[in-house]
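What follows is a short report on a single structure.
Just so it is clear, none of the values below were taken in a lab; they were calculated from the coordinates. No experiment lies behind these values; they were computed from the predicted model shown. Heads up, the Cβs are rebuilt from the backbone with ideal geometry, glycines too, and the neighbour counts pull from every protein chain shown.
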């Protein structure tokens, strides 16, 4: 099982959890497992076989888009960060 | 026992003395002026470093660590530099030469000289803790004083950034903000206060900056940044931008303009307990669109006004942005280019992820498809 860090804007979809667990040997398997366990969270990040364009997925600090995309290998000890852009900012 | 003259003669006999012509032929030589500070400020040989004779032993190894370096030492007439050359020889420097006749002959023979810029006694006192750091010193402080930094937003992130940049002696600070100070701001926006409630944030921030450091010139733009006004504002020659905006249209607008103009952007964003910091240096690293080609749908993009933010978080993230800005302005250290720093205040954890420039980026990529301003509000509302 790998650790998946949930960004603050998606925590409602994970029952408020800051981290969840998911298993898989590739990013695809892991996101499919995540979608099975937590469909609300999974669908925000992954749908129709692709990672949503406004979310970045990092495996051990590397953007999977710069590696092998959904085929990027994941280890049990890996930490996965899901990262949508944050609006900002100080109100001004 | 020997007299000064005898000691000088004996010292000179044991070192290498060169005249200006011979010294000029010493390729790659490090020139060091060993005179006192007041002599140095009245002019010196271009390119020379300054280490007063009294500090030579303690400073030479941090200045010239390689003992095989060729060194030319000079003083006013060539006597102090002769003693200095002997000392460096004793320290194990192999190729040390003393300039015969020193600066006096150099000048008399028409050698080129430069007059160093000097800090006023007041500035020397104010920035003394910077001057003591070898990586900054007087040269770095001049770079800060000559810098022009534009702050997008005088809110949570802009507050610590404006105050610390001003305190550091950034010469000119521009502030873009259309907002008025209200009571909900005071939980985190420390540039403002009860005294300035109801006044424009740019004026309130200007007041705080001037109370801290009146040397800083503050240029205020009391307007919301748009495609219509951004070129006019950026025409004021800003060296770098500290982005503390609170919305996606502004982020993408700032990104596109900064890529086209080659202005680095120090990016910070915050939400609840978490923050992100990075530096977008056009064409040397990724841009905002490389990191986030598309904004999230509106329901996934709540602002701090909607979702809240821990009051100290913008203090931390804004200070990290300021650190990057000061490093860029002074030309030191390793900026956060190609690295996104993530901070979680609840667990007090920092994480870093790598971000890369995308060859297919529509703005900074190899074949850009966006070359003029778009409708950013529409782009972010899709």
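A few remarks follow.
- Under the shape rule built on the C-alpha gyration tensor, where the axes satisfy a ≥ b ≥ c, region B:4-108 is rounded, since a/c falls short of 1.5.
- Rounded, prolate or oblate (a/c below 1.5 giving rounded, otherwise prolate when a/b exceeds b/c) for region B:1-43 by Cα gyration tensor: oblate
- Take each residue in B:289-296, count the other chain C-beta atoms within 10 Å of its C-beta, and the mean is 5.
- Estimated at 0.36 nm per residue, the fully extended path between residue B:58 and residue B:94 surpasses their Cα-Cα distance by 11.2 nm.
- Working from label points 7 Å from Cα in the Cα-to-Cβ sense, the residue A:48 to residue B:8 distance is 8.9 nm.
- Cα-based radius of gyration for region A:2-84, normalised by 2.2 N^0.38 Å, reads 0.94.
- Three-way shape call for region B:84-188 based on the alpha-carbon gyration tensor, with the a/c threshold at 1.5: prolate
- A straight chain from residue B:124 to residue B:374 at 0.36 nm per residue would run longer than the Cα-Cα distance by 85.3 nm.
- Rg(Cα) / (2.2 N^0.38 Å) computed for the protein assembly as shown, rounded to two decimals: 1.24
- Only Cα pairs under 8 Å and 6+ residues apart enter the sum, and on that basis the relative contact order of chain B stands at 12 percent.
- Take every DSSP beta bridge whose two residues both sit in chain B; close to 35 percent of them are antiparallel.
- q = 0.11 Å⁻¹, chain B: log10 I(q)/I(0) [Debye, one scatterer per Cα]: -0.84
- DSSP-defined antiparallel bridges as percent of all bridges, the protein assembly as shown, nearest 5: 50 percent
- Percent of Cα-Cα distances greater than 26 Å, calculated over region B:267-382: 27 percent
- Once C-alpha pairs closer than 8 Å and six or more residues apart are averaged by separation and normalised to the residue number of region B:235-382, the relative contact order reads 28 percent.
- Sites residue B:167 and residue B:112 - FRET efficiency at Förster radius 35 Å, r taken between beta-carbons, to 0.05: 0.40
- For residues of A:57-66, the mean tally of beta carbons on other chains within 10 Å: 4
- With respect to chain B, whose longest principal axis is taken over its alpha-carbon atoms, helix B:313-330 is tilted by about 40°.
- The calculated FRET efficiency for residue B:352 paired with residue A:36, based on their beta-carbon distance and R0 = 45 Å, is about 0.90.
- Peptide packing: for B:150-161, A:48-59, A:26-37, the average count of neighbouring Cβ atoms within 10 Å per residue gives the ranking B:150-161, A:26-37, A:48-59, highest mean first.
- Computed over region B:110-247, relative contact order equals 27 percent, with contacts defined as Cα pairs under 8 Å that lie 6+ residues apart.
- 0 to 90° range, to nearest 10: angle between helix A:27-37 axis and chain A longest Cα axis: 70 degrees
- Each label was represented as a point 7 Å from its Cα along the Cα-to-Cβ direction; for residue B:305 and residue B:236 these points are 2.3 nm apart.
- Comparing B:125, B:220, B:348 in a Gaussian network model of chain B, where Cα atoms under 10 Å apart are tied by springs, the biggest mean-square fluctuation is seen for B:348.
- Nearest 10 degrees, 0 to 90: helix B:4-13 Cα axis against chain B principal axis: 80 degrees
- Note on region B:119-238: antiparallel DSSP beta bridges, both residues inside, total approximately 10 percent of the bridges counted.
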